[in-house]
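One structure below.
Nothing in this text is a laboratory measurement; each read-out follows from the coordinates by a stated rule. Quantities reported herein were computed from a predicted structural model and do not represent experimental measurements. Cβ coordinates were reconstructed from backbone atoms using ideal geometry, including for glycine residues, and neighbour counts include every protein chain displayed.
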Amino acid sequence: MITLMRETNSHYNKDKCKENTMKRIWLLVSVTGMFIFLLHSNAAIAQVPGTVFGVVKDSGGDFPANADLSFTAYLTKDPSTTVNKNTSGNSYDEASGTWIVQLSNFPSWNIGDVLHIDFTDANGPTGVETGSNDCNITGTNNNCGDTSLPVELSLFEAKAGDGMVLIVWRTESETDNLGFHIYRGRDREGKYERITKELIKSNGNGPNAQDYKYLDKGVRNGVQYYYKLEDLNVNGERTMHGPISALPNFGLTIEDSPIPDKYDLSQNFPNPFNPGTLIQYQLPENSKVRLTIYNLLGQKVRTLVDAELEAGYKSIYWDGRDDLGRNVAAGVYLYELVAGSFVSTKKMVLMK
């Protein structure tokens, strides 16, 4: 998976770690949600088999307050047995950000099991912040596997030409992303086939915008095509984005893609969604456009577009944040397109 959430950099003092008599070995193992997880092996605690612990930081790089942080944990082989921060032996230290889970709370635990832990900070820098991680139980050095942020996609468009379609996309951030594949279909809800023979490699991981394009010459004029974008991370996890569509035709250049004959606002995709979703709309003429997100109380949450735009097919990505950059709560939201005298409103569901 890849978030319309920025990666937060973490730093530590290697020399200080080397001098520490506890011989702590620090590993940056995960950035999930808006949390940074640092799991380390400690010679003293590692002598107690069945103790799993680590350090958690919020999106601002600080340790969450003890009163605000909660966590639950369970063995993936038996999710029905769940413990929390207040379970006997478990703890969280606000001063150091260290959390501890005692595997003795799970009578059936064994070497090779996986402990899943979910964190919630009720008062993070961006509001309620959540994160999770999986820990491989070895009995001594319980390191956790990497959990990556999803790719933050801000643009995904198809531009039709004469016997070709240009696919363009932009990411605002990438973490542990290897690259992308393009899939094409003839029906929006039908079968899609991969058209990229090789992986389109990532331009670089981090919180920096990256632009990509792919030219599809395997199309026929006069036929409507649909495209999906797949990102692949270092753990082999795949996330699909789209679909978008294009109609190539004779004499058409990429710059002169067909103009729709009417205004329209499409249903967002995916829906329900987490953390972000793509909204597509079309303009038959140059228009003053306003695309706004509202909650069910009618309160404005986010203005996505407020500008004069040229006619054509448009798309924009909503990252689940409000105008102040804060993550919004799960629930039903409305998105409204106002273009000239055209007004259309649709519902979408954000899941957490």
Most exposed first, judged by fewest Cβ atoms within 10 angstrom, L252, L215 run L215, L252
R186, R321 arranged by Cβ crowding within 10 Å, fewest neighbours leading: R186, R321
Listed by chain and number, the aspartates and glutamates with an alpha carbon less than 17 angstrom from that of K191, same-chain partners under 8 positions apart left out, are E230
When we measure straight from the Cα of K262, which aspartates and glutamates land under 18 angstrom away, once same-chain ones fewer than 8 places off are left out? E285, E308, E310, E336
Please go through the residue pairs K57/K197; K217/K346; K314/K352 and name each one whose alpha carbons sit more than 31 Å apart in this structure. K57/K197; K217/K346
Taking the number of other C-beta atoms within 10 Å as the exposure measure, put K347, K159 in order starting with the fewest. K347, K159
